[in-house]
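Novice: A single structure is presented below for examination.
The values are calculated or read from the model by the stated rules, or taken from the named source; none is laboratory data. Keep in mind that this is a model prediction, so the values were computed, not measured. Backbone-built Cβ (ideal geometry, glycine too); neighbour counts: all protein chains shown.
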Amino acid sequence: MLICRISILACIGAGALLCGSVAAAGRPGPAGGDGEWSMPAKDFAATRFSALADITPPKAPTLHPVWTFSTGVLGGHEGQPLVVGGVMYVVTPWPNVLYAFDLSKDGYPLKWKYRPDVSPNAIGVSCCDTVNRGAFYADGKLFYNLLDGHTVAVDAATGREVWNTRIAEVGNGETVSMAPMVVKDRVIVGASGGEFGIYGWIKGLDAKTGKVLWTARNIGPDADMLIRQDTFKPTYDNGTDLGAHSWDGETWKTGGAPVWGWVSYDPELDLIYYGTGNPSPYNPEQRAGDNKWTASVLARRPGDGALVWAYQFTPHDNWDYDATGAMILADLKVGGKDAKVLVHFDKNGFAYTLDRATGRLISAEAFAHVTWAKSVDLSTGRPVLDPDKQTGVSRGNVRGVCPSLEGGVSPASPAAFSPRTHLFYTSTNNLCMDYAAARSTHLKGTPFIGANSPYSAGPGGNLGAFIAWDAVTGKKVWENKEEFPSWSGALVTAGDVVFYGTLDGWFKSADAKTGKVLSKFKVGSGVVGNPITYRGPDGRQYVAVYAGIGGDWALLSGDVRSDDPADVRPPADFMKNIARHTSQGGMIWIFGL
Amino acid sequence: MSRALAFLLSAVVVSCGRQVGPAPPPSDPNLPPAVRNEAHIVAGTVPPHGVELTNPYNADPAVAKRGALMFTAMNCDGCHGGDASGWVGPSLSDQRWRYGGADSEVFSSIYYGRPKGMPAFGGTLGVDGVWTLVTYLRSLPVPPTVSTESWQEP
């Protein structure tokens, strides 16, 4: 790069306004069951699989837009809408407006709109755009997070605020972009801030009142982490206070471990699963040790927050490899036997399969081009490192680290799993980086980073792809290469059709078995959100997705901006022509047959 | 009211006399009633100076060098990028300014903060520190051209 930039990572979106028509007055709505989409990932297992099957490979080529709405917001539109009881709910990036659209009426008119008071000070404390990853519907209410560190519950019938709880401190570098998970009267929430040296946590709120019932740190001493020796049984580690002793001195106090991705839940085991982000700062020489439990998956009891097991994907992370991507719960045949597993596509380029009762590693295979490690040792659970790719101030500029810190896949782009094809579907990035660490000083509420990391294309030259992955064999089944990094979530249906968007603004459907593209439509702005599907009140299957480039791309592709005459930037040198294909936006699109 | 006004006037006199900077930060209990409550001041709501601020270090290269170190040490680069070339926060080296590029305007942006997320650093850096940063930013070379054209074939 001509100019060194400090790279970051993290964060969100959603939105809504209106034109178009359709949506006939209809038959009584079959709202309920598989026709709805009430939580971010469709189900507790986070599969993003819908049993709807009207849209099939032969019919998908006729998919066309039936409705659009402009949210009036230009931030990155990550996340996804919800559809419950014939109403679509949309959360925008900051200022986090919540829209409710009546899908039973012509033109899908607004039913209500909720506009919270969200401090603009949070904008400067969000590392990577002002995204929001969506709401959760439960018990007649919508639960979601505001960027400035509040969780709200809103009455789904009226749009009135039921409660509003402050959960995070913007002044400490905490903002909130993740979508909550609601289980057993608990609203589970966490904070972003891996670029600000936060003391990362997850909280359980009372769904009825919003009261914070428990707070568990992701790093630090056992007492802070809600670890009890009788309940905490990690497979690969023993000892007490690992979250403090695996750090140099008291560096855990500013050690990051944010929660900005997704939470899943197994009702039988009564465990929630979530990933933690990078350790702070990016310069690893300021925090010797494994830095547990950053870049890890944690399994907790939702009732009291107690930690049951944890597994660290990237010990002593040198490369900003957050593990905040989705933890997908699936039942697979492993070695001929039925196994209850958790599958996770990590930023570090490996796809992991773990026993979700114990955290024991079953397999870890690279799904992207990986140079920082050669493999993962299944007996120890630890990566086999390439010593030449370790970073730190004393190592200068370390070249050719793959994947880049954007990840083999972004945690913002959750995968999908089909129990019909037994395959996982995910966007991927094909980027490498040079990594020059620098000493960083922690000043509360300001960036705590310490690395310059310019990117370049990985092998093949395409910057992204959408793939189908067999988690049992650890192999790619098919791949659709994309010119630009792929940043959209995945959706797969019982019609054996997968849906995804691209950074240059195409929304595509493809055959789940072969990857053959069945339809594509240019939605006006790059897609960094996650498609959903639902059965409308008219009885038909629809697919909805946001358009609105942003998230990390608000930083990395500055020339797609048009909204600020005081900030004009040249194109990113690894991606010179993205602005030829897309610009900022904020639209909801609905497609039908 | 008249007491507050008298205080304001005396503050102005003191400022002029010392040639250093603006009124003290809003937490100061001696501030006039209109700005006494911090909750009434959001980032970017800049109280009137009463005087034109002048940079005491006007283009001093040694101070600019100190300001460059401070720009990194205070994590300004974490948002505005290395060399102030822009990142999540805007570029400060392209000669385009959201809130004005005069010394006094850049001073106010750093001292009081700005509404789209720029924190107020006046309390942390003090008047002298802010002027040091202003001197650094104003020392950055004016680019020969600023890229403003639409995408072109390479």
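Novice: Could you tell me whether the range A:291-302 includes any residue that is over 28 Å from A:Ser413 (Cβ atoms) and either out of contact with any Lys or Arg (no Cβ under 7 Å at 6 or more places or on another chain) or among the β-branched types (Val, Ile, Thr) (or both)?
Specialist: yes
Novice: Taking the conditions exactly as written (within 30 Å of A:Asp563 (Cα to Cα), of a type outside the set (A, V, I, L, M, F, W, C) and touching a His at 6+ places or on another chain (Cβ under 7 Å)), does A:Pro93 satisfy them or not?
Specialist: For A:Pro93, the condition - within 30 Å of A:Asp563 (Cα to Cα), of a type outside the set (A, V, I, L, M, F, W, C) and touching a His at 6+ places or on another chain (Cβ under 7 Å) - is met.
Novice: Then there is this: Can you name every residue in the range A:432-463 that is more than 8 Å from every other protein chain (Cβ to nearest Cβ), in a strand (DSSP E or B) and within 25 Å of the chain's Cα centre (by Cα)?
Specialist: A:Cys432, A:Met433, A:Asp434, A:Tyr435, A:Ala451, A:Tyr455, A:Ser456, A:Ala457
Novice: What pairs can you find where one residue is in the range A:439-454 and surrounded by 24 or more Cβ atoms within 10 Å (Cβ to Cβ), the other is modelled with pLDDT under 90 and β-branched (Val, Ile, Thr), and their Cβ atoms are less than 7 Å apart, with a gap of 6+ or different chains?
Specialist: A:Ile449/A:Ile6; A:Ile449/A:Ile8; A:Ala451/A:Ile6
Novice: Also, I was wondering about something else. Anything in the range A:115-127 that is in contact (Cβ under 8 Å) with a residue 12 or more places away in the chain, out of contact with any Phe, Trp or Tyr (no Cβ under 9 Å at 6 or more places or on another chain) and of a type outside the set (Ser, Thr, Tyr)? List them, or say none.
Specialist: Within the range A:115-127, A:Arg115, A:Pro116, A:Asn121 qualify.
Novice: Residues of the range B:106-142 being surrounded by fewer than 17 Cβ atoms within 10 Å (Cβ to Cβ) and in a loop (DSSP other than H, G, I, E, B), which ones?
Specialist: The answer is B:Pro115, B:Pro141, B:Val142.
Novice: While we're on this one: Of the conditions (1) more than 19 Å from A:Ser126 (Cα to Cα); (2) not in a strand (DSSP E or B), A:Met178 satisfies every one except a single condition; which number is it?
Specialist: Condition (1) is where A:Met178 drops out.
Novice: Within the range A:250-264, can one find any residue that is at pLDDT 95 or above, among the aliphatic types (A, V, I, L, M), more than 24 Å from the chain's Cα centre (by Cα) and at negative phi?
Specialist: So far as the range A:250-264 goes, no, none of its residues is at pLDDT 95 or above, among the aliphatic types (A, V, I, L, M), more than 24 Å from the chain's Cα centre (by Cα) and at negative phi.
Novice: Just a yes or no: is a residue in the range A:351-360 of a type in the set (Phe, Trp, Tyr) and farther than 14 Å from A:Ile272 by Cα?
Specialist: Within the range A:351-360, one or more residues are of a type in the set (Phe, Trp, Tyr) and farther than 14 Å from A:Ile272 by Cα.
Novice: Another question, then. Within 11 Å of chain A (Cβ to nearest Cβ), in contact with a helix residue (DSSP H, G or I) (Cβ under 9 Å, 6 or more places away or on another chain) and under 17 Å from B:Asn55 (Cα atoms): which single residue out of B:Gly101, B:Gly89 fits that description?
Specialist: B:Gly101
Novice: What number of residues in the range B:64-83 are surrounded by fewer than 22 Cβ atoms within 10 Å (Cβ to Cβ), more than 7 Å from chain A (Cβ to nearest Cβ) and hydrophobic (A, V, I, L, M, F, W, C)?
Specialist: Matching residues across the range B:64-83 total 5.
Novice: Residues of the range A:488-512 being buried (at least 24 other Cβ atoms within 10 Å of the Cβ) and touching a helix residue (DSSP H, G or I) at 6+ places or on another chain (Cβ under 7 Å), which ones?
Specialist: Correct list: A:Val497, A:Leu503, A:Ser509.
Novice: Would you check if there is a residue in the range A:180-194 being of a type in the set (Val, Ile, Thr) and within 14 Å of chain B (Cβ to nearest Cβ)?
Specialist: No, that holds for no residue.
Novice: Are any residues in the range B:104-146 within 12 Å of chain A (Cβ to nearest Cβ), among the hydrophobic types (A, V, I, L, M, F, W, C) and farther than 21 Å from A:Lys444 by Cβ, and if so, which ones?
Specialist: B:Leu140, B:Val146, listed by residue number.
Novice: Next up: For a quick check of your reading: which strands (runs of 3 or more DSSP E) sit entirely within the range A:241-317 and have at least 1 residues that are among the acidic types (Asp, Glu)?
Specialist: The strands (runs of 3 or more DSSP E) meeting that bar are A:263-266.
Novice: Can you tell which of A:Val492, A:Val477, A:Val398 is assigned to a strand (DSSP E or B) and within 30 Å of A:Lys253 (Cβ to Cβ)?
Specialist: Going through A:Val492, A:Val477, A:Val398 in turn, just one is assigned to a strand (DSSP E or B) and within 30 Å of A:Lys253 (Cβ to Cβ): A:Val398.
Novice: For the range A:461-483, state whether one or more residues are of a type in the set (Ser, Thr, Tyr) and in contact (Cβ under 8 Å) with a residue 60 or more places away in the chain.
Specialist: Within the range A:461-483, none of the residues are of a type in the set (Ser, Thr, Tyr) and in contact (Cβ under 8 Å) with a residue 60 or more places away in the chain.
Novice: Might you let me know whether the range A:123-146 holds any residue that is within 14 Å of another protein chain (Cβ to nearest Cβ), crowded, with 23+ Cβ neighbours inside 10 Å, within 29 Å of A:Gly305 (Cα to Cα) and modelled with pLDDT of 95 or more?
Specialist: Taking every residue of the range A:123-146 in turn, at least one turns out to be within 14 Å of another protein chain (Cβ to nearest Cβ), crowded, with 23+ Cβ neighbours inside 10 Å, within 29 Å of A:Gly305 (Cα to Cα) and modelled with pLDDT of 95 or more.
Novice: Next up: Answer with yes or no whether A:Leu17 is at pLDDT below 95 and away from chain B (no Cβ under 14 Å).
Specialist: yes
Novice: Collect the residues in the range A:159-186 that are under 17 Å from A:Asp206 (Cβ atoms) and in contact (Cβ under 8 Å) with a residue 60 or more places away in the chain, keeping them in residue-number order.
Specialist: Within the range A:159-186, A:Pro180, A:Met181, A:Val182, A:Val183, A:Lys184, A:Arg186 meet the criteria.
Novice: Modelled with pLDDT under 95 and part of a loop (DSSP other than H, G, I, E, B): which single residue out of A:Ile3, A:Ile55 fits that description?
Specialist: A:Ile3
Novice: When you go through (1) closer than 23 Å to A:Thr441 by Cβ; (2) at pLDDT 95 or above one by one for A:Asp206, which number turns out not to apply?
Specialist: (1)
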